[in-house]
Amino acid sequence: MGKRLRFKLDGLSAYIELLRIDMLEKSQQHGINHHATLLASQELDYYILLYQRMAKKEL
């Protein structure tokens, strides 16, 4: 189970990085208080929390 979870964590980590880049681009284009930026930030927060929960299970 450890290897399978590690693979999922690695994929999730890569997805989080894409979301982070997307959020930064939106903040540069529209500003940090724009609706699109805030939605991107919320999505990023969700997946970071999911990653943390999954990583904790692996320990």
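The values are calculated or read from the model by the stated rules, or taken from the named source; none is laboratory data. Just so we're clear, the structure is a prediction, and the values are computed from it rather than from any experiment. As a convention, Cβ positions derive from the backbone with ideal geometry for all residues, glycine included, and neighbour counts pool all protein chains shown. Surface accessibility is based on the protein's heavy atoms, side chains included, excluding ligands, DNA and RNA. Shrake-Rupley method; radii C 1.70, N 1.55, O 1.52, S 1.80 Å.
A compact table of results
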| read-out | value |
| --- | --- |
| Number of the exception - K3 against (1) modelled with pLDDT of 95 or more; (2) open to solvent by 80 Å² or more (accessible area, probe 1.4 Å); (3) of a type in the set (D, E, K, R); (4) closer than 27 Å to K57 by Cα | (1) |
| Output for the range 6-20, where each listed residue is within 15 Å of D45 (Cβ to Cβ) and among the aliphatic types (A, V, I, L, M) | L12, I16, L18, L19 |
| Selection count where residues are farther than 19 Å from L9 by Cβ, loosely packed, with under 14 Cβ neighbours inside 10 Å and within 13 Å of the chain's Cα centre (by Cα), scope the range 25-59 | 2 |
